[in-house]
Amino acid sequence: VIGQVNVRSNNQTRPDIGAMVILVPKERRPDPRPDVAQLRPGVEVDTTNRDQQVIREIGGDMAAVSDSGEFELTVTSPRDYYLLVISKNRRRNENASISKEERADMGQYFLPVEQLVADRAFEWRELRLTGSSYEVDTIQF
C-alpha cells in the first residue's frame, strides 16, 4: 500500500513530513491495545517497539510519512482495512471534532482515541485491498 500525504498552507502544498499512517484489518483487534503515545506523529517507527508490533501482529502496518511526502505499508492478506492518517503539521479545525462513529471504530483499536489524534487533523477511512498492490489517493490536510 503506497500513498502520499501533503499539507497545504499559504497557497502552497508541501509534504506532511512525519505524519503517521496506520493500517489495521477490520476484522482483527489488538489485545491488549497499544499505547497510543507510541503511535503519534513524530514518534520513530521501530520494528522492536512493542506497541507498534501489536499493529503488525494483527495483520496491519504503520509508517511515518517521508521527506518526499510518501508512505509505504506492507500487509500480506487482501481484506478490508481501516486507514488512519494523523497529520504532524496540521491542526484540526476548532469546529471539527471526532464523530461518534469514528470514535467507536477507532476505539476498537486505540484508546483513548482523543490522545492518539489530539489536536491534529486526521483521516479515517475504509480500504478494500484485493490485489498485491494498492495506491491510496493523495491525502491533503
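The values are calculated or read from the model by the stated rules, or taken from the named source; none is laboratory data. None of the values given here were measured: they were computed from a predicted structure. Cβ sites come from the backbone with ideal geometry, for glycine too, and all protein chains shown count toward neighbours. Side chains are part of the model used for accessible areas, which takes the heavy atoms of the whole protein and leaves out ligands, DNA and RNA. Shrake-Rupley method; radii C 1.70, N 1.55, O 1.52, S 1.80 Å.
What distance in nm separates the simple spin-label points at L111 and L127, each placed 7 Å from Cα in the Cβ direction?
Taking the two extended label points, one gets 2.7 nm.
Placing unit charges on C-beta atoms (Lys and Arg positive, Asp and Glu negative, everything else neutral), compute the dipole magnitude of the chain about its Cα centre in debye, rounded to 20.
It works out to roughly 260 debye.
Specify whether the C-alpha gyration tensor of region 31-76 places it in the rounded, prolate or oblate class, a ≥ b ≥ c being the square roots of the eigenvalues: rounded for a/c under 1.5, otherwise prolate if a/b is larger than b/c and oblate if not.
oblate
With just the Cα atoms defining each centre, how far is region 35-89 from region 119-139? Give it in Å.
One Cα centre to the other: 12 Å.
What is the gain in length, in nm to one decimal, between R33 and T13 on full extension, counting 0.36 nm per residue of separation less the C-alpha to C-alpha distance?
Gain in length upon complete extension: 3.7 nm.
Taking the Cα centre of region 45-99 as origin and charging only Cβ (+1 Lys, Arg; -1 Asp, Glu), how large is the dipole, in debye to the nearest 20?
Computed about the Cα centre, the dipole is about 240 debye.
Please give the contour-minus-distance gain from E135 to E101: 0.36 nm per residue of separation, less the Cα-Cα distance, rounded to one decimal in nm.
Here the answer is 9.7 nm.
Rolling a 1.4 Å sphere over the protein heavy atoms, what is the accessible area per residue of region 13-141, to the nearest Å²?
54 Å²
Convert each backbone phi in region 100-105 into a coupling constant with the Karplus relation 6.51 cos²θ - 1.76 cosθ + 1.60 (shift: θ = phi - 60°), then list the ³J(HN,Hα) values in order as whole Hz, x for Gly and Pro.
4, 5, 4, 4, 5, 5
What are the GluC sites (Glu not before Pro) within region 61-141 that DSSP puts in a loop, where the Cβ has at most 16 other Cβ atoms within 10 Å?
Answer in residue order: E94.
Give the dimensionless ratio obtained when the Cα radius of gyration of region 30-141 is divided by 2.2 N^0.38 Å.
1.04
Can you give the local net charge around I2? Use residues other than it whose beta-carbon is closer than 10 angstrom to its beta-carbon, Lys and Arg +1, Asp and Glu -1.
Once all neighbours under 10 Å are counted, the net charge is -3.
Scattering from the C-alpha atoms of region 1-55 alone, worked out with Debye: what is log10 I(q)/I(0) at q = 0.15, 0.25, 0.29, 0.30 1/Å?
One equal scatterer on each Cα of region 1-55 leads to -0.56, -1.07, -1.23, -1.26.
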